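Below is one structure, written out as structure tokens; the observations come after it.
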Amino acid sequence: MFDGLQPRHWKYEIDGDRVLTLLLDRAGESVNSLSREVLEELGSLLERIQIDPPKAVILRSAKPAGFIAGADIREFRTFAERGETIDAIKRGHRVFARLAALKMPTVAAIHGHCMGGGLEISLACRYRIATSDPKTRLGLPEVKLGIQPGWGGTARLPHLVGAPAAFDMMLTGRGLSASNARAIGLVDKVCAPEELAAKAKELALRGTQRPAGQRFKAWATNLWLTRQMLAPQMRKQVARKADPKHYPAPFTMIEFWRRHGGSVAEGLAAEPRSVSKLAETPTARNLVRIFFLQEMLKGLGGGADHGIRHVHVIGAGVMGGDIAAWCALQGFTVSLQDREMKFVEPALKRAEELFAKKLKSEDRIAPVRARLVADVESAKVPEADLIIEAIFENLDAKRALYANLEPRMKATAILATNTSSIPLPDLRAQLAHPERFVGLHYFNPVAMMPLVEIVRHDGLDKTIEARVAAFAKAIDKLPVPVATSPGFLVNRVLFPYMLEAATLYAEGVPGPVIDRAARKFGMPMGPIELMDTVGLDVATGVSKVLSPFLGISIPDKLQGMIAAGKRGKKDGEGFYLWKDGRAQKPEVPSSYQAPEDLEDRMILPFLNEAVACLHERVVDDADQLDAGIIFGTGFAPFRGGPIQHIRDAGADALKSRLAALAAKYGDRFKPKAGWDAL
């Protein structure tokens, strides 16, 4: 059948029943993705299949990691830079169309990740079967790259599962479990991982009939009148969370479906041009950049053996307790220490809530629960490979704790501090082994924030830094190495922005107006709501350390609120009143006029401090700075990070605006060293 063909990336086998299995095993890669060469080889194989047809065809992965992760994003970026996106999309369409046109049954046998182009190739098959393994996820995450599914996903998925279910996947980029995919009609069968090959063959030979209700929904929700009615509602819902000027892809998808969703053929014909136009936008360019920044940070944790099995956390407050719970969730043995059991119990209760949310069933929760133990007596210290100190921010208290810990630690154990503001040279001063002491700064809430700052000092052993980076990767966090500057990277950049927002509030600018301006710029949450959420006492505590260094004063009004017991969300009142976990924001009169320089007064200090951090080499380079700030603060992703935004907007223009603010409001806006280098 395939005489003369010698594909690098595809293997094939045909059994006695003439059922052909094509196995993707992309050469030189640990994960399958769809490159130009992979697709060209598949096209050649499908051409031979059309000439000498088997009884059925099964597509499967030869890699244990998963089915197909999607298109090769490295190639996608190159095509976009060259203006060749539309040609690349059309090439994929031709191959997928050849697969869809095969007369014999075709089955996509899915285990592990099945994302983007991987799901789209499965949509070109007649049937789909997926394993029940928790790692099996099916999704179309293209919206996270600023584009729409381009190899048939936008056209085919609504006609398979119905428009509402399809857009729930495409507009969020979320992946579905096999059982959820089965429930909406995306996959036809679910099986145990070890049964995949046999069950896929059975499905290919026997086929299956989709339930009438699913078929009716797929038909009815794509009718012309339905599309004209549903599309405006979808746009309205998306507009609550995204600005079409900043994130055009979801709105383009909805309009694409409204106009071209009448048939799969019409959608396929229109898809390449729509995707290529989105790929040329600054948003897509920056979101693709963020994808590679994320991969870069993941790479910092690769290549080293962290050698950590047992983690001992000291301090069962919100941060320490949540660090302990997260480490247990990620497979580590964890002991949690505090002065008395009454301080540990709330942390264990929060851990139980996290486990229930993430794992659902008791059979999965039980082993994780067993890995997390209370250790008020600190008996587990000699067994720990990593000790994380997360007590309150007091230099003398931390030093006293280290003096007690260090003689009892393993010779290979690492001592880490979660300090958010105290310089590491001060903390390490009395240690016998400062080379094994490092900063490991998490962000709150631990379960949601992806970043961990690895805080260096000049006495740190490089192998310890590598082990800690590998540990961060093992607990599904993104490590960014930072120098021991006050506030390190994220807090140092974030606090000028937050304190200026507090100053604006003290001057009489309503909180909702301040928050609205920040969200309009692209921040995920306004600074007034953010300070309430973090806690005004926490924000002020860090500010007291940073303010002298940054040359910024803490507004008296903010300190007065704390003195009155108004610490924010946790007390039910801060800048806002809080009810049922939600800020009750007051109405602002329609006649109110916000200051013209409101956005500049908040955002430019943020950018100014980012420039200073880069100039002072708080991080190694601009990419690490942008990555750290995006994943640590949520800085407007569509802008690509603060340094990328400065380059796009023009460093000279932004520096001039800072100088104008300094002339009007004082030296806190004075441009810092480093602007001219940009």
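The values are calculated or read from the model by the stated rules, or taken from the named source; none is laboratory data. This is a predicted model, so every value here is computed, not measured. Please note: Cβ atoms are built from the backbone with ideal geometry, for glycine as well, and neighbour counts cover all protein chains shown.
Within region 476-524, the set of residues being of a type in the set (Gly, Ala, Ser) and in contact with a helix residue (DSSP H, G or I) (Cβ under 7 Å, 6 or more places away or on another chain) comprises Ser485, Gly487, Ala501, Ala502, Ala506, Gly511, Ala517, Ala518, Gly522. Among the residues that make up region 205-212, is at least one of them in contact with a helix residue (DSSP H, G or I) (Cβ under 9 Å, 6 or more places away or on another chain) and over 20 Å from Asp188 (Cα atoms)? So far as region 205-212 goes, no, none of its residues is in contact with a helix residue (DSSP H, G or I) (Cβ under 9 Å, 6 or more places away or on another chain) and over 20 Å from Asp188 (Cα atoms).
Yes or no: region 55-66 includes at least one residue that is surrounded by fewer than 20 Cβ atoms within 10 Å (Cβ to Cβ) and over 30 Å from the mean Cα position of the chain (by Cα). Yes: one or more hits. With respect to the conditions (1) within 14 Å of Gly152 (Cα to Cα); (2) at pLDDT below 95; (3) not aromatic (Phe, Trp, Tyr), Lys245 falls short on a single one, namely (1).
Of the residues screened, Met253 is one that is under 24 Å from the mean Cα position of the chain (by Cα) and not charged (D, E, K, R).
Please determine, by comparing only the residues of region 210-219 that are without any contact (Cβ under 8 Å) to a residue 40 or more places away in the chain and among the small types (Gly, Ala, Ser), which one is surrounded by the most Cβ atoms within 10 Å (Cβ to Cβ). That would be Gly213. From the list Cys114, Cys125, pick out the single residue that is within 25 Å of Ile49 (Cβ to Cβ), of a type outside the set (A, V, I, L, M) and assigned to a loop (DSSP other than H, G, I, E, B). Every option except Cys125 fails the conditions. For beta carbons closer than 8 Å, sequence separation of 6+ or different chains, a first residue in region 273-291 that is closer than 15 Å to Arg74 by Cβ and a second that is polar (S, T, N, Q), the qualifying pairs are Ala279/Thr85; Arg289/Gln644.
Just one of the numbered conditions (1) under 23 Å from Ile554 (Cα atoms); (2) in contact with a Phe, Trp or Tyr (Cβ under 8 Å, 6 or more places away or on another chain); (3) among the small types (Gly, Ala, Ser) is not true of Ala636: (1). Listed here are the helices (runs of 4 or more DSSP H) enclosed by region 201-267 that have at least 2 residues being under 23 Å from Val107 (Cβ atoms) and outside the structural domain of Ala636 (by TED's automatic domain parsing): 212-220. Restricting attention to region 576-607, the residues that are more than 21 Å from Phe635 (Cβ to Cβ) and either outside the structural domain of Ile528 (by TED's automatic domain parsing) or of a type in the set (D, E, K, R) (or both) add up to 6.
Every residue, every condition in (1) more than 19 Å from Arg371 (Cβ to Cβ); (2) surrounded by fewer than 15 Cβ atoms within 10 Å (Cβ to Cβ); (3) among the aliphatic types (A, V, I, L, M), yes or no:
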{"site": "Gln237", "(1), (2), (3)": "yes, yes, no"}
{"site": "Arg240", "(1), (2), (3)": "yes, yes, no"}
{"site": "Ala269", "(1), (2), (3)": "yes, yes, yes"}
{"site": "Ala284", "(1), (2), (3)": "yes, no, yes"}
{"site": "Gly303", "(1), (2), (3)": "yes, yes, no"}
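Scanning region 503-538 for residues that are part of a helix (DSSP H, G or I) and either aliphatic (A, V, I, L, M) or not assigned by TED's automatic domain parsing to the domain that holds Glu587 (or both) gives Leu504, Ala506, Val513, Ile514, Ala517, Ala518, Ile528, Leu530, Met531, Val534, Leu536, Val538. Annotation for region 360-373: no member residue is touching a Gly at 6+ places or on another chain (Cβ under 7 Å), surrounded by fewer than 18 Cβ atoms within 10 Å (Cβ to Cβ) and not polar (S, T, N, Q).
Evaluate the following for Ala88: is it farther than 19 Å from Leu20 by Cα, surrounded by 21 or more Cβ atoms within 10 Å (Cβ to Cβ), in the same structural domain as Ser274 (by TED's automatic domain parsing) and in contact with a helix residue (DSSP H, G or I) (Cβ under 9 Å, 6 or more places away or on another chain)? The answer is yes for Ala88. Does any residue of region 593-605 turn out to be at pLDDT 95 or above and either of a type in the set (Ser, Thr, Tyr) or more than 24 Å from Gly508 (Cα to Cα) (or both)? No, region 593-605 contains no residue that is at pLDDT 95 or above and either of a type in the set (Ser, Thr, Tyr) or more than 24 Å from Gly508 (Cα to Cα) (or both). In region 617-666, how many residues are of a type in the set (Ser, Thr, Tyr) and without any contact (Cβ under 8 Å) to a residue 40 or more places away in the chain? Total meeting the criteria: 1. Residues considered: Leu598, Leu530. Of these, the only one that is free of Cβ contacts under 8 Å to residues at least 40 places away in the same chain, under 27 Å from His645 (Cα atoms) and either charged (D, E, K, R) or surrounded by 13 or more Cβ atoms within 10 Å (Cβ to Cβ) (or both) is Leu530.
Any residue at all in region 328-341 that's part of a helix (DSSP H, G or I), buried (at least 18 other Cβ atoms within 10 Å of the Cβ) and touching a helix residue (DSSP H, G or I) at 6+ places or on another chain (Cβ under 9 Å)? Within region 328-341, one or more residues are part of a helix (DSSP H, G or I), buried (at least 18 other Cβ atoms within 10 Å of the Cβ) and touching a helix residue (DSSP H, G or I) at 6+ places or on another chain (Cβ under 9 Å).
Screening Lys585, Lys570 for residues that are surrounded by 11 or more Cβ atoms within 10 Å (Cβ to Cβ) and under 28 Å from the mean Cα position of the chain (by Cα) leaves exactly one candidate, Lys570. Considering only residues in region 78-114 that are of a type in the set (Lys, Arg) and modelled with pLDDT of 95 or more, the one that is farthest from the chain's Cα centre (by Cα) turns out to be Lys103.
For Leu427, the criteria (1) touching a Cys at 6+ places or on another chain (Cβ under 7 Å); (2) closer than 23 Å to Gly317 by Cβ hold in every case but one, which is (1).
For region 177-209, a residue qualifies if it is of a type in the set (Lys, Arg) and either under 20 Å from Leu23 (Cβ atoms) or surrounded by fewer than 17 Cβ atoms within 10 Å (Cβ to Cβ) (or both), and the qualifying residues are Lys189, Lys199, Lys201, Arg206. Of everything in region 292-301 that is touching a residue at least 24 places away in the same chain (Cβ under 8 Å) and in a helix (DSSP H, G or I), the residue that is farthest from Gln148 (Cα to Cα) is Leu300.
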